[in-house]
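Visitor: Pasting a structure here, questions to come.
The values are calculated or read from the model by the stated rules, or taken from the named source; none is laboratory data. What you are looking at is a predicted structure, and each value in this text was computed from that prediction instead of being measured. Every residue, glycine among them, receives a Cβ derived from its backbone with ideal geometry; neighbour counts consider all protein chains shown.
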Amino acid sequence: MANEIWSAVVFVIGLIISTIIIYIVTRLFGENKGIGRAFVTAIIGAVAYSIVYFLLGNGWLAAIVGGIVWLIALRMLYDMGWLKALVVAVIIWIAATIVGLLLPTVPGPL
C-alpha cells in the first residue's frame, strides 16, 4: 500500500514539474496558451509513454514511438508546425533532464 501511495506522489510531482517546464518553454517560443494547456500536454505525454512502454516494453522503439505521439499532441494542442514542435520538444526534454538531475540533490545530503 505504501509503495502505491509513494508511486502516486512521485507521479503527481513529476506531472507538476513537467507542466511548469512545458509552460515556460512554450511561452519562450511565443505561445500564449495557459498553464492548463501545459497540464493537458503533460498528461497526454505521460499517458502516451505509459501505453507505448506497456505495449512495446523498454527500448529505443518505445522511446521513439512515444516521442512521436507526444510530438503530435504538442503540435495539435499548440497549433504549431512540425519543426517548431520538434524544437520545443527537444528543449523541453533538455530542461526536464537538467531538472531531473538537479532536483534530487537540491536538499543536499541527509
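Visitor: Only one of (1) modelled with pLDDT under 90; (2) assigned to a helix (DSSP H, G or I); (3) over 16 Å from ALA85 (Cβ atoms) fails for GLY45. Which number is that?
Guide: Failed condition: (3).
Visitor: I would also like to ask the following. If you go through segment 80-110, how many residues are at pLDDT below 90 and not in a helix (DSSP H, G or I)?
Guide: 5
Visitor: Going through segment 12-41 one residue at a time, which ones are in contact (Cβ under 8 Å) with a residue 12 or more places away in the chain and farther than 17 Å from ILE94 by Cα?
Guide: Within segment 12-41, GLU31, LYS33, ILE35, ARG37, PHE39, VAL40 meet the criteria.
Visitor: Can you find a residue that is touching a Ser or Thr at 6+ places or on another chain (Cβ under 7 Å) and small (Gly, Ala, Ser) anywhere in segment 8-31?
Guide: No, because not a single residue in segment 8-31 is touching a Ser or Thr at 6+ places or on another chain (Cβ under 7 Å) and small (Gly, Ala, Ser).
Visitor: All but one of (1) surrounded by 12 or more Cβ atoms within 10 Å (Cβ to Cβ); (2) of a type outside the set (Ser, Thr, Tyr); (3) closer than 25 Å to ALA8 by Cβ hold for ILE94; state the number of the condition that does not hold.
Guide: (3)
Visitor: Follow-up. Being within 24 Å of VAL12 (Cβ to Cβ) and outside any helix (DSSP H, G or I) is the filter here, so list the residues in segment 48-79 that pass it.
Guide: Matches in segment 48-79: ASN58 only.
Visitor: I'd like to check something: does segment 2-11 contain any residue that is touching a residue at least 24 places away in the same chain (Cβ under 8 Å), at negative phi and of a type outside the set (Ser, Thr, Tyr)?
Guide: Within segment 2-11 (the criterion being touching a residue at least 24 places away in the same chain (Cβ under 8 Å), at negative phi and of a type outside the set (Ser, Thr, Tyr)), the answer is yes, since at least one residue qualifies.
Visitor: Quick one: count up the residues across segment 19-42 that are surrounded by 13 or more Cβ atoms within 10 Å (Cβ to Cβ) and at pLDDT below 90.
Guide: 2
Visitor: Further question on the same structure: Would you be able to say whether some residue in segment 51-68 is surrounded by 15 or more Cβ atoms within 10 Å (Cβ to Cβ), in contact (Cβ under 8 Å) with a residue 24 or more places away in the chain and not basic (Lys, Arg)?
Guide: No: zero hits.
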